[in-house]
Amino acid sequence: MRLITLIGAVTAAALGHTDLDTTIATGLRDTRALDGDWSYIIDPYDHGRIDYRSRVRTDGFWMDATPSSPADRVEYAFDDKHTLRVPGDWNTQQLELLHYEGVVWYRTQFDAIVRDHERTFIRFGAANKRADAWLNGAPIGSNSVGFTPFAFEVTDTLRAGANSLVVRVDNTRRPEGVPAMQTDWFNYGGLTRSVELLAVPETFIADAHVGLREGGRVADGWVRLDGPDAANALFDVTFAGVSITTNTDEHGVGRFALNADTFARWSPQSPKLHDFEVRYGNDTLRERVGLRTVATSGDQILLNDEPVFLRGICLHEEPIAPRGGRSSGLADARELLTLAKELGCNYVRLAHYTHDEATLRLADELGLMVWAEIPVYWMLDYDNPETLAEAETHLRGMIARDHNRASVIIWSIGNEMGDDVSAQRFRLKLGALAKRLDPSRLLSAALFARQERDAGRLVRMVIEDPFGEVADVLAINQYVGWYHDQPESLRGVAIERRWNKPFVFSEFGAGVKHGLRGEPEAVWTEDFGVRYYNENLDWIESLDSIAGLSPWILKDFRSPRRPLYGIQDGFNRKGLVSETGERKLVFDVLRERYERWAMSPPGRRLDRGR
C-alpha cells in the first residue's frame, strides 16, 4: 500500500487575481503586436527623468517632443537612425551596449482605432528590469519585475489615429532587488519580450483555468470576468468538445466541473492537449490545455499515478549564436527544446528565472516536464521586507501566467540561497505562498547538502535543510570533482535524507571548452568532461533512491563572472553544446545514458511498493 501526497486544485482566489494591471491573460486571443524597430536613447545619467540638480523633470523624454520651429530648443530626439529590435535585449544589438547597465529610453509610434464600450491594454511580455511607460506623454504604469508579463490599461489615454508609446527601461542591479548584485548569468537589459495592444469589451474574460482534481476523475475549472457586469453573469465553456453554461458569483468568478473519465491525459509519451474556450458576450478566450495529475509517493514522483524518472537538463534563455542574447518567441524556444529532446530528455529545469511563455507552451506540445523557477539567487537582502515583496511578485507573476501549462510539474522558489537563518526564513515564506497560490503542483528549490568527511575523504551528503519540511521534492546542486575534490571522489558516497521524499540532482557539471583535447586529468578539456560525467552518472546509477537529474547545462551561456581568456571568454563553459551550437563529447555521454535509462532508470524499480 502506497501513501500518496495528493495535490489540490488551482483556484482563482488562491492566485489572488485582483490587480488587473499585472494579471490580464491573453491566452490565444487576437492581439496587435507592437514589436519591431523602436527608436532609442542611451541615458547613463538618467537625464531624461531628472535635471542637473537631480530634480524630477516635468518635461522629460516621455513627452517625445520635437522642435516646433528652428528657435525651439529640444535636446533629445527619437529617430529612425537609432533603433533597437523589440523583443530583444540592447546588449547584443549594439556593440557599445554590450556591458551597459543603466537607462535606455524606447519609443514607438502606432495608429489606433478607438471604439465605444471597449477597453484597451498594453501588455509587455517582460522588460528587464524596471520599466516606466508613458502613452502620449501621460504616465500609464511602472513594473520592477524583469521576467514576467505586466499590462497597463490605456482606455482613457489611447487616441484615435497617431499615438506615441515611450518606455524607460533600467537594468541597474540593486542590493535590495531580486536578483541582487551577483548572478552567474548575463544581466540583459531591454524590452526582452513582445509588446502587444489588446482590445476587449467593457466586461471581459480576464483569466480562466482548468485542471484535474479528485485523483483525476474531475476536470475542475474557473473563469474570472472583469468589468461592470462581471457579477452574476452567464458565460459558456467548451473543453475537449464538451460544453457547459454557468454563471459567475458576486465577485465575477464562475466555477465549473466536468467528468474527466474520457479525457486523454497529457504525458511525455503522449502530450495530448485539449481545446479550451470561454465565451462571454462578444469576448472569447482560447487555450490549449493538457490534463495530468502530479503527486508524490515516498521517494517517487508520480505522473498520472505512475512513477516517472526525470531525465533532465538545465537551460538558460539564450539562443545559439550568432543571434545570442536573450531568447524570445517560438523559434528560439524550439531551438533549445529540440536540443533537449535530442539529448533524450523528458524534463527541463528552466534556470534561474521565468522563461518566455513560448517556451512553456512548446514544452506542453513536445511533452517535456518543466521545473519553473524565480530569480531568488545567491545572496539577497533576506531581512528586507521589500526584497521579500519583490520575490513574492515574481512568484505570483510566474504562477499567474503559467497555471494552465501541463508541462510545469515543479515550482521552484530559488537557487543556492545559503543556509543562514534569514535565508531559511525567506524561502519558507516563499514556499508557503507557492502552496497557497497553487497546491496542484510540486514545490522545490535548488539547495546544497551538508558534506561529511572521514580523514579528509568525502563519505556522505546529508539533506537536512529546513525547507525540506515543506518541499515536495528534495533537490541539491553538487559539484564534486569540479570545484573541489576529483570526479572519482564520488565513489561510495552515500546520500542521507531527513525526509522520505523524492530526491533529484538539480545541478552538476564541469567547464569544458569545445574542441580542446588533452589528458583526462586536464581541466577544461573535452576529455576531462567525459571523465567527470562518467563518474557522476555511474555514481547516480549506484544510488538506492533517485527521482531524477538535470545536469548543468544545455548550452554555454554568457556570464561576466567568467573572464578566463582563451577558455571562457565571458561564457560559462559547462554547456553540453557550445554557444555556437557544436556538440561536445559530453553531449553523447549523457545522451547514451539517457537512452538506457529510458528503459531502466537508476535508483529504484518503478514497480516498487505497488
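Since every read-out is calculated from the coordinates, none of them should be taken as a lab result. All values derive from a computational prediction rather than experimental measurement. Because the Cβ atoms are built from the backbone with ideal geometry, glycine has one as well, and the counts that use them run over all protein chains shown.
Using the Cβ of Ile463 as centre and a radius below 10 Å, the other residues enclosed give a net charge of +1, where K and R count +1 and D and E count -1.
Under the convention that each Lys and Arg Cβ holds +1 and each Asp and Glu Cβ holds -1, the size of the dipole of region 112-164 around its Cα centre is about 200 debye.
Here the relative contact order of the chain, from alpha carbon pairs under 8 Å that lie six or more residues apart, stands at 13 percent. Toward the positive end of the charge dipole of the chain, with +1 on the Cβ of Lys and Arg and -1 on the Cβ of Asp and Glu, the farthest Cα among Val376, Trp524, Ser243 is that of Trp524. Rg of the Cα atoms in region 394-489, relative to 2.2 N^0.38 Å, amounts to 1.27. How many percent of the alpha carbon pairs in region 408-545 exceed a separation of 22 Å? In whole percent, the share of Cα-Cα pairs in region 408-545 beyond 22 Å is 45. Structural descriptor for region 178-245: relative contact order 22 percent, calculated from alpha carbon pairs under 8 angstrom and at least 6 residues apart.
Over all orientations, region 318-359 has a Cα convex hull whose mean projected area works out to 3.0 square nanometres. Per-peptide packing, taken as the mean over residues of other Cβ atoms within 10 Å, places 25-33, 330-338 in the sequence 330-338, 25-33 from highest down.
Residue-normalised convex hull volume from the C-alpha trace of region 41-94: 116 Å³ per residue. Note on Ser422 and Arg596: their simple-model spin labels are 4.8 nm apart, each label 7 Å out from Cα toward Cβ. Count charges around Arg255 for me, please; just the other residues with Cβ under 12 Å from its Cβ, Lys/Arg as +1, Asp/Glu as -1. That works out to 0.
Averaged over residues, the count of other Cβ atoms within 10 Å places the peptides 191-199, 71-79, 34-42, 382-390 in the sequence 191-199, 34-42, 382-390, 71-79, highest first. Computed as a quarter of the hull surface, the mean projected area of the alpha carbon convex hull for region 119-273 stands at 13.8 nm². Over region 97-140, all Cα pairs binned in 10 Å intervals from 0 give whole-percent P(r) values of 16, 48, 26, 8, 2, listed from short to long. With N counted as the residues of the chain, its alpha-carbon radius of gyration over 2.2 N^0.38 Å works out to 0.99. Taking Cα centre as origin and charging only the Cβ of basic (Lys, Arg, +1) and acidic (Asp, Glu, -1) residues, the dipole magnitude of the chain rounds to 1200 debye. Ranked by the mean number of other Cβ atoms within 10 Å of their residues, highest first, the peptides 111-121, 530-540 come out as 530-540, 111-121. Would you report the distance distribution of C-alpha pairs in region 342-468 as whole percents per 5 angstrom bin, up to the bin with the largest distance? Percent of Cα pairs in each bin: 2, 10, 20, 20, 17, 13, 9, 5, 2, 1, 0.
Relative to the 2.2 N^0.38 Å rule of thumb, region 144-203 has a C-alpha radius of gyration ratio of 1.51. Working note: Cα atoms of region 253-397, range along each principal axis, descending, whole Å: 47, 42, 40.
Just to confirm my numbers, what's the Cα centroid distance between region 562-589 and region 212-244 in Å? Going from one Cα centre to the other spans 48 Å. If the Kirkwood radius is taken over C-alpha pairs of region 44-195, then at 20 °C and 1.002 mPa s the Stokes-Einstein diffusion coefficient equals 129 µm²/s. For the chain, the tally of Lys pairs with Cα-Cα distances below 13 Å comes to 6, considering only residues 8 or more apart or on different chains. Each of Gly254, Thr284, Gly581 was scored by the projection of its Cα onto the charge dipole of the chain, and the greatest displacement toward the positive side belongs to Gly581; charges sit on the C-beta of Lys, Arg, Asp and Glu.
Starting at 0 and stepping by 10 Å, how many percent of the alpha carbon pairs of region 193-269 end up in each bin? Calculated over all Cα pairs of region 193-269, the distribution is 17, 40, 28, 15, 0 percent. Here region 64-206 is treated with +1 on each Lys and Arg Cβ and -1 on each Asp and Glu Cβ, and its dipole about the Cα centre works out to around 200 debye. The amide H of Tyr353, built 1.01 Å from its N in the peptide plane, has Glu373 as neighbours under 5 Å, considering only residues 5 or more places off or on other chains. Of the options Gly141, His117, Asn91, report the single residue whose Cα projects farthest towards the positive end of the charge dipole of region 73-156 (beta-carbon charges: Lys, Arg +1; Asp, Glu -1). So the residue furthest toward the plus end is Asn91. Secondary-structure-derived ellipticity at 222 nm for the chain, considering helices only, amounts to -5000 deg cm²/dmol, per-run term -39500 (n - 2.57) for DSSP H runs with n ≥ 4.
DSSP bridge analysis restricted to the chain gives an antiparallel fraction near 75%, rounded to the nearest 5.
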